[in-house]
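The values are calculated or read from the model by the stated rules, or taken from the named source; none is laboratory data. The shown structure was predicted, so the numbers you read here are calculated from the model rather than taken from an experiment. Glycine also receives a Cβ, built like all others from the backbone with ideal geometry; neighbour counts cover every protein chain displayed.
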Amino acid sequence: MDTLIFGGTAVTPYSSRKMNIGISNGKICELLSPELMPQARKTIDATGMYIIPGCIDEHVHFNDPGTTHREDFAHGTAACAVGGITTAIAMPTNTPLVLNKKNLQLTLDAYEAAVTWITQPTAAWTLQQGPGGGILEGHRNHGCKSIYMLLLP
């Protein structure tokens, strides 16, 4: 076991209870009774603390580049971290709108300049129905790990 978190109260979808948590290769491998303390390379004393899963916010507006006086990537992701959000999916409402590869790259460049940790970009593309509709330029080949689709009339 790489890491053992002990003494904390773990919050699960079903209950909150004291338990120890074992981690190997970056993943939870064991949920243990508080009395069990297996050997681990690293230990974290969480006595008196709550251990909660990270949350996903699937609709944020970082406005970077563009109207950063409202919110920017650095401040938005810092607020996420404080609130327990480990994944945020930004809407493509930057200025300019993220509707093509060039504007996606402008957004990714702004994000990269604002952080010192690794991000996994998500593209949000509009699918317009009717004549001339279709997915505008951009998909996973542009470095995105997922695509968030918005359907417009």
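Based on what the data block shows, is N63 under 23 Å from I85 (Cβ atoms) and within 20 Å of the chain's Cα centre (by Cα)? Yes: the conditions hold for N63.
Is at least one residue of region 73-88 at pLDDT below 95, touching a Ser or Thr at 6+ places or on another chain (Cβ under 7 Å) and surrounded by 13 or more Cβ atoms within 10 Å (Cβ to Cβ)? Looking for residues that are at pLDDT below 95, touching a Ser or Thr at 6+ places or on another chain (Cβ under 7 Å) and surrounded by 13 or more Cβ atoms within 10 Å (Cβ to Cβ), one finds at least one in region 73-88, hence yes.
The rows are residues; the columns are (1) small (G, A, S); (2) out of contact with any Ser or Thr (no Cβ under 8 Å at 6 or more places or on another chain).
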position	(1), (2)
G7	yes, no
S15	yes, yes
M37	no, yes
K42	no, no
M49	no, no
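Screening L104 against (1) crowded, with 18+ Cβ neighbours inside 10 Å; (2) modelled with pLDDT of 85 or more leaves a single unmet condition, (2).
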